[in-house]
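Following: one structure in structure tokens, then a few remarks.
The values are calculated or read from the model by the stated rules, or taken from the named source; none is laboratory data. On a predicted model such as this, the values are computed, not experimentally measured, just so you know. Every residue, glycine as well, gets a Cβ built from its backbone with ideal geometry; the counts of neighbours run over all protein chains shown.
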Amino acid sequence: MTGTSGTTGTSGDGGGGEAGSRRVRVVLVDDHRMFRTGVQAEIGQTETTGVEVVGEAADVDQAVTVITATRPEVVLLDVHLPGGGGVEVLRRCAPLMAAAEDPVRFLALSVSDAAEDVIGVIRGGARGYVTKTITGTDLVDSIFRVQDGDAVFSPRLAGFVLDAFASTDAPPVDEDMDRLTQREREVLRLIARGYAYKEIAKQLYISVKTVESHVSAVLRKLQLSNRHELTRWATARRLV
């Protein structure tokens, strides 16, 4: 993690600087092993940061299994995951988030700063959303804030949420995107990013034939003719 991105939100009394007296148990959910390793190295020195990484997962099914088994205080959740994405993890972990005692709280940690992604996971129950440009120090602070129940966002992302929830006249998400299933959205993004069908199949753990079916469904629902038009459509909505 690089950059100097800070976070916005109401700060609790705790933070990385109080590692000597506070602890927070965290699960890392991201489909890139090297990124998980980097986060672990950056924040997982418990005696210094107060953060104890108790589990990792690379896709939706793994995430639900690990989170259910470990019951961490905070989950660092990537938005784009094989198996349905971060929103699917939130949906399946809803009972854990709603627990009267020791609820599991989620902090989205993603490379994406698209409004749709931010709004989607917040509506799903995440307590905050920070991008992967965040520094290790700020990430530790954000984790403790979320543990305390605060809402935490990288700069400017909070505006997406405020706009979405403040307006009752305009839909918070693209109506065209609403026609697509979560899996179709995943395939759409990967197609727009230039992935071949075989690469998409491998990443999403599905067959090439299934990828082709999803692409056909996306083109039909969006009334597009080919992959080139699909890529332009996705780029215009900052989904790439």
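For the stretch 55-75, the tally of residues that are within 14 Å of the chain's Cα centre (by Cα), assigned to a helix (DSSP H, G or I) and of a type outside the set (A, V, I, L, M, F, W, C) stands at 0. Within the stretch 87-116, being over 20 Å from Arg145 (Cα atoms), part of a helix (DSSP H, G or I) and touching a helix residue (DSSP H, G or I) at 6+ places or on another chain (Cβ under 8 Å) holds for Val87, Glu88, Val89, Arg91, Arg92, Ala115, Glu116. Considering (1) at pLDDT 90 or above; (2) surrounded by fewer than 23 Cβ atoms within 10 Å (Cβ to Cβ), the lone condition that Leu77 does not fulfil carries the number (2). Would you check if Arg179 is basic (Lys, Arg), surrounded by fewer than 16 Cβ atoms within 10 Å (Cβ to Cβ) and free of Cβ contacts under 8 Å to residues at least 40 places away in the same chain? For Arg179, the condition - basic (Lys, Arg), surrounded by fewer than 16 Cβ atoms within 10 Å (Cβ to Cβ) and free of Cβ contacts under 8 Å to residues at least 40 places away in the same chain - is not met. What residue, among those in the stretch 166-181 that are touching a helix residue (DSSP H, G or I) at 6+ places or on another chain (Cβ under 7 Å) and assigned to a loop (DSSP other than H, G, I, E, B), is modelled with the highest pLDDT? Looking at residues that are touching a helix residue (DSSP H, G or I) at 6+ places or on another chain (Cβ under 7 Å) and assigned to a loop (DSSP other than H, G, I, E, B), I get Leu180.
Looking across the stretch 220-231, the residues that are part of a helix (DSSP H, G or I) and hydrophobic (A, V, I, L, M, F, W, C) come down to Leu222, Leu230.
For (1) at negative phi; (2) modelled with pLDDT under 90, each residue gets a yes or a no:
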site: Ala99; (1), (2): yes, yes
site: Val104; (1), (2): yes, no
site: Leu107; (1), (2): yes, no
site: Gly125; (1), (2): no, no
site: Thr133; (1), (2): yes, yes
site: Gly136; (1), (2): yes, no
site: Leu139; (1), (2): yes, no
site: Ile143; (1), (2): yes, no
site: Asp148; (1), (2): yes, no
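Which of the residues spanning the stretch 37-54 are in contact with an Asp or Glu (Cβ under 7 Å, 6 or more places away or on another chain) and either outside the structural domain of Ala99 (by TED's automatic domain parsing) or in a helix (DSSP H, G or I) (or both)?
Thr46
Results for (1) part of a helix (DSSP H, G or I); (2) surrounded by fewer than 18 Cβ atoms within 10 Å (Cβ to Cβ), shown as yes or no for each residue.
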{"site": "Arg183", "(1), (2)": "yes, no"}
{"site": "Leu190", "(1), (2)": "yes, no"}
{"site": "Gly194", "(1), (2)": "no, yes"}
{"site": "Lys198", "(1), (2)": "yes, yes"}
{"site": "Ile206", "(1), (2)": "no, no"}
{"site": "Val211", "(1), (2)": "yes, no"}
{"site": "His214", "(1), (2)": "yes, no"}
{"site": "Val218", "(1), (2)": "yes, no"}
{"site": "Trp233", "(1), (2)": "yes, no"}
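Checking each residue in the stretch 116-140 for being over 18 Å from Leu28 (Cα atoms) and in contact (Cβ under 8 Å) with a residue 60 or more places away in the chain picks out only Glu116. Are any residues in the stretch 200-226 among the basic types (Lys, Arg) and closer than 18 Å to Arg179 by Cα, and if so, which ones? Arg220, Lys221, listed by residue number.
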